[in-house]
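Written below as structure tokens is the structure these notes are about.
Derivation of every value follows stated rules applied to the coordinates shown; laboratory data play no part. Everything numeric in this text was worked out from a predicted model, so none of it was measured. Heads up, the Cβs are rebuilt from the backbone with ideal geometry, glycines too, and the neighbour counts pull from every protein chain shown.
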Amino acid sequence: MTTAPKTFHVKSFGCQMNVYDGERMGELMAAEGLTPVADADAADLVVLNTCHIREKATEKVYSDIGRIRKHAAAGGRKPMIAVAGCVAQAEGAEIVARARVDVVVGPQAYHNLPDLVARAAAGAPALDTDMPPESKFGALPRRRRVGPSAFLTVQEGCDKFCTYCVVPYTRGAEVSRPMGAIVDEARALVDAGAREITLLGQNVNGWRDADQNGLEALIHALDRIEGLARIRYTTSHPNDMTDGLIRAHAEVEKLMPFLHLPVQAGSDRVLKAMNRSHTRDTYLRLLDRIRAVRPDIALSGDFIVGFPGETDAEFEETLSLIDEVGYAQAFSFKYSPRPGTPAATMQDTVPAAVMDERLQRLQAALNRDQAAFNAATLGRTCEVLIERKGKLPGQMLGKSPWLQSVHLMTDAAIGDIVEVEVVRADPNSLAGVERVRAAA
Ligand code: 5AD
Ligand code: SF4
């Protein structure tokens, strides 16, 4: 590629932080005068914002590069391809060797994307996986147009070193953004149309300000922003769930009754081998304390089946923990060995067929609990934030305080908050009927 691209498309894989980073890269390229296009196959520049968490996610990027090239070649085009995100960080120059992409940029360096694209257009190597001490955020343009529910990264990186996980290597050490910068960005998001903000971090509840105040201080500051109706945060580590943060769930009305608090496994031996630094019991007692201040809180989690050495009996302990908690929703994964992590060299790996069977049983239990949680909201009235149009004329889709998808017939607009009675509960969504319109 020797000409500068005029159009671009950003495709994000993986976690919500990648969605946020993808939006910021899009804003950056738009500020440089490039036009966003919805179709990756029509863009001069395709940015693949990648995920490295499991092997499958990593392989996706290579198959995507091949597919994009093939489509473009059929139309006589040769788009510039940039690999961003955690695969870029972990594999760096290897991606250029394996897939001959034009640009490789890590998650802490993407403010340099315009420079890298210009370098690539001039035929020069364009790779940046630095983790500079000064943050990229200061170099990004102000947020201008967002939907009613927006993400805001407040913390990045992880110091926990769970033995299966690549995040401490790809995203680096735990760093908190300063309170002032976050509040400014939150105000810009609200001015740009956000009514709900989800604070993001690999260990979001490890966020600290310069005086070592925890996430609750930030939540209280955001609570004072007029026009902001809802606050959420994700992902949290059980060990960083302080008393102050738990209390915020009772004190701050805007803080939604939903908590994603991964436990990963139910057996203490497995938790220890994972270096989770909490036990089954400390996790369960923590949930007791949270439920004591916020009895209706919806709990969510992440689970890994087939960690090296996991026995049938240990897997049963994960099932019994799920029974005990009653999650409103959760994510579950088969263990995937990641290069460079301690678990990747552990012996006694679990056969694929056993992993498959465990995952099926785990997901059946989680689906059962999700359906039960949804059924328990039947007949209740709650507020729904309208996020987009539904498939039927007059139908809108939104979210309940407990993060359930709700569909209803209404003339409310996107961004409105409406009072809704839940009239049907399905395993994955609720149907509602509008009551009185809340003042916007
Ligand atoms: N294999 C499978 N699942 C993993 N996760 C993280 N690393 C791995 C791995 N190597 C899961 C954990 C984490 C979520 C984001 O991804 O459950 O909480
Ligand atoms: Fe990975 Fe554990 Fe850090 Fe979560 S807490 S990002 S699972 S190392």
Handout entry: Cysteines without a disulfide-compatible partner [the chain; Cβ-Cβ under 4.7 Å]
Key = CYS15, CYS51, CYS86, CYS158, CYS382
Handout entry: Loop-located trypsin sites (Lys or Arg not before Pro) in the range 110-194 whose Cβ has at most 16 other Cβ within 10 Å (DSSP)
Key = ARG142, ARG144, ARG145
Handout entry: Within straight-line cross-link reach of LYS272, lysines at Cα separation under 16 Å, skipping those fewer than 8 residues along the same chain
Key = LYS160
Handout entry: Compactness of the range 137-376 - radius of gyration and Dmax, Cα, Å
Key = 18.8, 55
Fill in the blank from the handout: A correct fewest-to-most ranking of TRP207, TRP402 by other Cβ atoms within 10 Å would be TRP402, TRP207
Completion exercise
Amide H neighbours of ARG424 at under 5 Å, excluding residues fewer than 5 places away on the same chain, with H built from the backbone geometry, are ALA431
Practice task
Work from the charge dipole of the chain (Cβ charges, +1 for Lys and Arg, -1 for Asp and Glu, about the Cα centre) and give the residue of THR50, ALA121, VAL433 farthest towards its positive end.
Solution key: ALA121
Handout entry: Unit charges on C-beta of K, R, D, E only; dipole of the range 312-440, Debye
Key = 600 debye
Handout entry: Full-extension gain in nm, VAL433 to ALA250, via 0.36 nm per residue minus C-alpha separation
Key = 63.1 nm
Handout entry: Rg [Å, one decimal], Dmax [Å, integer] - the range 171-234, C-alpha atoms
Key = 11.6, 34
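Among DSSP bridges having both ends in the range 137-376, what percentage is antiparallel? Round to the nearest 5.
In the range 137-376, DSSP labels about 10 percent of beta bridges as antiparallel.
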Fill in the blank from the handout: Note on the chain: C-alpha Rg/Rh, Kirkwood Rh, two decimals, gives 0.96
Handout entry: Estimated FRET transfer efficiency when R0 is 25 angstrom, pair GLU32-ALA188 (beta carbons, to 0.05)
Key = 0.85
Handout entry: Student exercise, the range 20-82 dipole from Lys, Arg, Asp, Glu Cβ charges, in Debye to nearest 20
Key = 360 debye
Completion exercise
Here the FRET efficiency for THR3 versus PHE137, based on Cβ atoms and R0 = 35 Å and rounded to 0.05, is 0.70
Practice task
For SER267, list long-range residues whose amide hydrogen, built 1.01 Å from N in the peptide plane, is under 5 Å from its own amide hydrogen.
Solution key: THR318
Exercise for the section: Just grab the label-to-label distance for ASP288 and PHE161, each label 7 Å out from Cα along the Cβ direction, in nm (one decimal). Expected result: 3.2 nm
Completion exercise
About its Cα centre, the chain carries a charge dipole, from +1 on Lys and Arg Cβ atoms and -1 on Asp and Glu Cβ atoms, whose size in debye to the nearest 20 is 1040 debye
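If I stretch the segment between GLU94 and GLU316 completely, what's the gain in nm (0.36 nm per residue apart, minus their alpha carbon distance), one decimal?
75.9 nm
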Problem - Between the range 344-367 and the range 50-71, the alpha-carbon center distance in angstrom - result: 24 Å
Fill in the blank from the handout: Projected area averaged over all directions for the convex hull of the alpha carbon atoms of the range 381-437, nm², comes out at 3.4 nm²
Practice task
Could you line up ASP44, ASP416 from fewest to most neighbouring Cβ atoms inside 10 Å?
Solution key: ASP416, ASP44
Handout entry: Net charge of neighbours whose Cβ lies under 15 Å from the Cβ of GLY266, counting Lys and Arg as +1 and Asp and Glu as -1
Key = -4
Exercise for the section: Along Cα→Cβ, 7 Å out, is where each label goes; now give me the distance between the ones at ASN213 and ASN367 in nm to one decimal. Expected result: 4.6 nm
Handout entry: Rounded to 5, the percent of DSSP beta bridges in the chain classed as antiparallel
Key = 35 percent
Problem - For ARG388, ARG208, order by how many other beta-carbon atoms lie within 10 Å, fewest first - result: ARG388, ARG208
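Taking 0.36 nm per intervening residue step and subtracting the Cα-Cα distance, what contour gain separates ASP223 from SER405 on full extension?
Fully extending the segment from ASP223 to SER405 adds 63.1 nm.
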Completion exercise
Normalised Cα Rg of the range 224-302, dividing by 2.2 N^0.38 Å with N its residue count, works out at 1.19
Fill in the blank from the handout: Ranking TYR283, GLY75, GLY106 by how far each Cα lies towards the positive end of the charge dipole of the chain (+1 on Lys and Arg Cβ, -1 on Asp and Glu Cβ), the top one is GLY75
Exercise for the section: Would you grab the residues whose amide H sits under 5 Å from the one on ALA84? Only those 5+ places off in sequence or on another chain, please, with H modelled 1.01 Å from N. Expected result: LEU48, ASN49, THR50, VAL105
Practice task
Can you pull the one-decimal nm distance between simple spin-label points at GLN395 and ALA118, each 7 Å off the Cα toward Cβ?
Solution key: 4.9 nm
Fill in the blank from the handout: Dimensionless Rg/Rh of the range 7-128, both radii on Cα and Rh by Kirkwood, sits at 0.92
